[in-house]
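Step one of this worksheet: look at the structure below.
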Amino acid sequence: MFTRREVVDFILDLAGYTVDHPLQRCRLLEPSFGDGEFLVAAVDRLLQSYAKSAREDARPPEVRQSPDSMGERASSRAVNLAPRAEESMVDDLRPAIRGVEVHPDSQKRTRASLMTVLHRHKVPSAVAHTLLDAWLAEGDFLLMDLPQAFTHVVGNPPYVRQELIPAGLLAEYRARYLTLYDRADLYVPFIEASLLALAPGGTLGFICSDRWMKNKYGGPLRGMVAAGYHLAAYVDMVDTPAFSSDVIAYPAITIIRREKPGATRIARRPDIHPDALAKLASAMRARTIPEGSGVGEVAGIASNQEPWILQSFDQLAVVRRLEAEFPTLETAGCKVGIGVATGADDVFIGVFKEMDVEPDRKLPLVETGDIKLGAVHWRGRGVINPFNDAGGLVDLADFPKLKHYLDRHAEVIRKRHCAKDNPHGWYRTIDRITPALRREPKLLIPDIKGEAHVVYENGRLYPHHNLYYITSKTWDLKALQTVLRSGIAKLFVSIYSTQMRGGYLRFQAQYLRRIRLPRWNDVPDTIRQALIAAADAEDRSAGTDAVFELYRLTRKERADMGNHHAGQ
């Protein structure tokens, strides 16, 4: 995902890599330079700054500090370098840039682009070749020992899922980087390695996915930042044309400095135009934020491994109060889970009546398509159950129809990772099926929604993997349905979840478990009855007053919740 030049210049401005500084004294690293968007811009600035310092050195001392040069920004125009000895130029500029790239073709293209920049600035060919040999390194940044620390690390780190990384290489990465945790994408250890490469006072400026800022897998990296760095700036770039092609990503620009923690400057979805971005960068770096700039400032965002809350601060205050007064959903007696993943839905899932196995080897299945209208309308699909009631796999010799069915599809089933890891249990589903769950009443919640879509299921169907479920031995589920529909679920999820394009949220278990809920025994009878009665009402705002009373929400808190509560 190559970054547009306007955005590259914006990041360099935010990171303080500007031509009004003697950039030949800086040390800039681009750890995965691709086709060289960041290096081309950085080298252009470096050469302008170097030429400027040469002119300054040639001027009388009394006129060297001209105020009209302060705040000067880089441009693409060439600057003719003042004559200097070639050896001196090499010595001055050789340590200023370091770019790393693993792909040889990208190396060649970037070298050609940089040679064009050097020639435009009248750098002698011999010097240009010497500098490029020193600046560009071919290899895997995550396996490379760098000879120096850097004042600036900038770029767009690679976005690669773990499944695409060879097992041996992934094991080596895990041995080296503590942040490669859970399902972390490759950009996470890139950020770790880049932070470790910073000199004291150095600045990192990256544009990449914002998933790590809230997701479970980003916890160790967030902890690393909180322990030894300053989250200086954050710019939400979702739904902006930040890249040279349209990509499905949730990007943000993050500026992190190796210094004591402090407040964070925040901006959102800027106009991708050079003048607008230059003005915004100036406002974000100003000693005092200019009025009307659209820049905010918040302290205490990075705290241990906790998710970074970078928006909705009025709603955050409501959440913090509820967290202080009420237990979590599971502490209050509810259980959050996710339905069954099979690894081969075309085999394990089908029309219930047509699945030719023993009757007790299949279960009626509920999927998102069954609840899209707000109630359960079963479409007649089912799931094969290879487990017994004790949790182990059944002996196929005892179930000839099941054995015949699975043998017919053995080639597909055995290709799954769970089958390869357990060849004797090759016919298991990824998740263990617990038949008793089918018989429990439950609330069903689809993963990706703009609102909390909470549907009551009375204990006839087994949930599919694309549905989360909530069960409880204490709370009345109809009453709980009213509470979650009221906006309480969306309030908590919107604070802790990463947002998707179009304003959609991820109603995943890790976020649902953060919801706070009074214990059922502490709920007055009048509120109980109001919550239960509202569950089947077609008016989604029914029960809102009871929910407000349940949580003792003040008038201001109700207003701060905004459209998170029903009836808005």
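The values are calculated or read from the model by the stated rules, or taken from the named source; none is laboratory data. Note that the structure is predicted; figures quoted are calculated from it, not measured. Methodologically, a virtual Cβ is constructed for each residue, glycine included, from the backbone with ideal geometry; neighbour enumeration extends over all protein chains shown. Areas reflect the complete protein model, heavy atoms only, side chains present, ligands, DNA and RNA absent. Shrake-Rupley method; radii C 1.70, N 1.55, O 1.52, S 1.80 Å.
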Exercise. Can you tell me how many residues in the stretch 145-158 are more than 24 Å from residue 9 (Cα to Cα) and open to solvent by less than 50 Å² (accessible area, probe 1.4 Å)?
Worked result: 1
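In the stretch 533-553, is there at least one residue being touching an Asp or Glu at 6+ places or on another chain (Cβ under 7 Å) and either of a type in the set (Lys, Arg) or open to solvent by less than 30 Å² (accessible area, probe 1.4 Å) (or both)?
Applying the first criterion (touching an Asp or Glu at 6+ places or on another chain (Cβ under 7 Å)) to the stretch 533-553 yields none.
The answer is no; no qualifying residue exists.
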Exercise. Tally time: how many residues in the stretch 292-310 are under 26 Å from residue 241 (Cα atoms) and either of a type in the set (Gly, Ala, Ser) or free of Cβ contacts under 8 Å to residues at least 12 places away in the same chain (or both)?
Worked result: 4
Exercise. Under the condition of being touching an Asp or Glu at 6+ places or on another chain (Cβ under 7 Å) and either within 19 Å of residue 328 (Cα to Cα) or not in a helix (DSSP H, G or I) (or both), which residue from the stretch 501-519 is least open to solvent (accessible area, probe 1.4 Å)?
Worked result: 507
For this session: From (1) modelled with pLDDT under 95; (2) buried (at least 19 other Cβ atoms within 10 Å of the Cβ); (3) in contact with a strand residue (DSSP E or B) (Cβ under 9 Å, 6 or more places away or on another chain), pick out the condition that doesn't hold for residue 212.
Result: (3)
For this session: State the number of residues belonging to the stretch 439-462 that are touching an Asp or Glu at 6+ places or on another chain (Cβ under 8 Å) and more than 27 Å from residue 525 (Cβ to Cβ).
Result: 2
For this session: Could you please find all residues in the stretch 35-54 being assigned to a loop (DSSP other than H, G, I, E, B) and surrounded by fewer than 23 Cβ atoms within 10 Å (Cβ to Cβ)?
Result: 35
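Here is a yes/no grid of residues against (1) buried (at least 18 other Cβ atoms within 10 Å of the Cβ); (2) touching a residue at least 40 places away in the same chain (Cβ under 8 Å):
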{"position": "408", "(1), (2)": "no, no"}
{"position": "413", "(1), (2)": "yes, yes"}
{"position": "428", "(1), (2)": "yes, yes"}
{"position": "431", "(1), (2)": "no, yes"}
{"position": "436", "(1), (2)": "no, yes"}
{"position": "440", "(1), (2)": "no, no"}
{"position": "447", "(1), (2)": "no, yes"}
{"position": "454", "(1), (2)": "yes, no"}
Problem set entry | Residues satisfying the stated conditions in the stretch 302-319, i.e. modelled with pLDDT of 90 or more, open to solvent by 30 Å² or more (accessible area, probe 1.4 Å) and not in a loop (DSSP other than H, G, I, E, B) | none
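Could you go through the stretch 266-275 and let me know if any residue there is within 30 Å of residue 218 (Cα to Cα), open to solvent by 60 Å² or more (accessible area, probe 1.4 Å) and in a loop (DSSP other than H, G, I, E, B).
Looking only at the stretch 266-275, we keep the residues that are within 30 Å of residue 218 (Cα to Cα), and these are 266-272.
If we keep only those that are open to solvent by 60 Å² or more (accessible area, probe 1.4 Å) too, we end up with 268-269, 271.
Now narrow it down to the ones that are in a loop (DSSP other than H, G, I, E, B): 269, 271.
Within the stretch 266-275 (the criterion being within 30 Å of residue 218 (Cα to Cα), open to solvent by 60 Å² or more (accessible area, probe 1.4 Å) and in a loop (DSSP other than H, G, I, E, B)), the answer is yes, since at least one residue qualifies.
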Seminar exercise, completed: When residue 312 is run through (1) at positive phi; (2) over 23 Å from the mean Cα position of the chain (by Cα), the failure sits at (2)
Problem set entry | Scope the stretch 345-371; condition open to solvent by 20 Å² or more (accessible area, probe 1.4 Å) and either among the hydrophobic types (A, V, I, L, M, F, W, C) or in contact with a Gly (Cβ under 8 Å, 6 or more places away or on another chain) (or both); matching residues | 351, 352, 353, 362
